[in-house]
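A short reminder: the numbers here are calculations on the coordinates, not readings from a lab. Only a predicted model underlies this, so the values are computations on that prediction, with no experimental measurement involved. Using ideal geometry, Cβ is built from the backbone for each residue, glycine included, and neighbour counts are taken over all protein chains shown.
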Amino acid sequence: MTGRAMAMLLLPGFAHAGGDKLSGALPAGPVGSSDVVSLILSLLVVVAAILAVGWIYSRVQGGRTAAGDAINIIASRPIGPKERILVIEVAGKQLLVGMTASQVQTLHVFDAPAIEPVSAETGAGFADRLRSAIRGAGK
């Protein structure tokens, strides 16, 4: 096969380049300002829908966790790709738990609380930590 024949097979645009024109094809017209406004409004609607779904999801999740406060994760530390050590609180007792991909095992039960739980009111949330990090970087 010659180089020209190979190019015609690989790039089908060359087959029509010197020959017949496409019949019935109209050139694309310029984009009008109404098209741009329509596009921007469509994007705003999509972004607003994403934000609304996220807000609704966070409200549903917040209601679900408030009712199930029987087990609290006090601390967590990864020790491998799928292994973790957790300190959890159940019925006023703290337990040290080892967790893998296939099992969970109690390692120790503490008589007295080993770690004080950090509540959402006393602990620094993400917004507080971000604010303090920005203040620290600005100095």
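Annotations for the structure displayed:
- Hz values of 3J(HN,Hα) by residue in the stretch 29-39 - Karplus curve (6.51, -1.76, 1.60), Gly and Pro given as x: x, x, 7, x, 5, 5, 5, 5, 5, 4, 5
- Zone of residue 70's modelled label, taken as backbone nitrogen in the stretch 80-104 under 17 Å from a point 7 Å along Cα→Cβ: 88-95
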